[in-house]
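Here is the structure we will look at, set down as structure tokens.
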Amino acid sequence: MTLSDYNNCVDLYADGVYRFILKQVKDQDASKDIVQDAFEKMWRKLEDIDASKSKTYLFTTAYHNMVDYFRKQNKQSKFEEVNFDQHFHDKQYSDLKEVLNRSIDLLPEIQKTVLLLRDYEGYDYAEIGEITKLNESQVKVYIFRARTFLKNHLVNINSLI
């Protein structure tokens, strides 16, 4: 991979990788750090990476950085703040996007990951398998289960209130 290929990769994929990570981490600063680490690792292995596979390498590296971030967060103890939004509801209208995002957050991590890569980022099953180190049939099963859960969850009126 050349310097111009790397710069082109930054221009083309930085926003997509950031959106993918932010959707799962839900912390802008942490998401930026994870994406920056992925680009840094890519920079260090510039000569070893094929330019045609740079997108897959970048998403794979970012995904693994995100998994490491979650592992690190789980080892740390947290003080939970009171979220007053959980105790009362002052809106008469719930935005569909918010409801969908809350429903996606209920999915197990692997189902959430493959669903976001497929439906939000547009990867095919083989590419998702490369990124997550799953075979293609496992990817299809996880996506099916995630969509089935969302369909059943969103039909329930109690989940929308």
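Descriptive notes on the structure:
- Cβ-Cβ FRET estimate between Leu12 and Arg44, R0 fixed at 22 Å, reported to 0.05: 0.65
- In the chain, the DSSP-assigned H stretches of four residues or longer account for a calculated mean residue ellipticity at 222 nm of -22000 deg cm²/dmol, using -39500 (n - 2.57) per stretch and the full residue count as denominator.
- Dipole of the chain, positive direction: furthest Cα of Val10, Leu46, Tyr69, with charges on the beta-carbon: Tyr69
- With neighbour counts taken as other beta-carbon atoms within 10 Å, the residues Arg118, Arg145 rank, fewest first, as Arg145, Arg118.
- Candidate values (i) 16.8; (ii) 18.4; (iii) 17.5, label of the one derived for Kirkwood radius over Cα pairs in Å: (iii)
- The stretch between Asp27 and Glu98 holds 23.9 nm of extra length on full extension. This uses 0.36 nm per residue minus the Cα-Cα distance.
- Cross-link partners of Lys97 among lysines (Cα-Cα below 29 Å; sequence separation of 8 or more within a chain): Lys23, Lys26, Lys32, Lys55, Lys78, Lys112, Lys140, Lys151
- Under 16 Å from Lys41, Cα to Cα: aspartates and glutamates that are on another chain or at least 8 residues apart: Asp5, Asp33, Asp50, Asp68
Every read-out reported here was derived from the displayed coordinates using simple, explicitly stated rules and does not represent laboratory data. In this text, all values refer to a predicted model and were calculated from it rather than measured experimentally. Glycine gets a Cβ as well: all are built from the backbone with ideal geometry, and neighbour counts include every protein chain shown.
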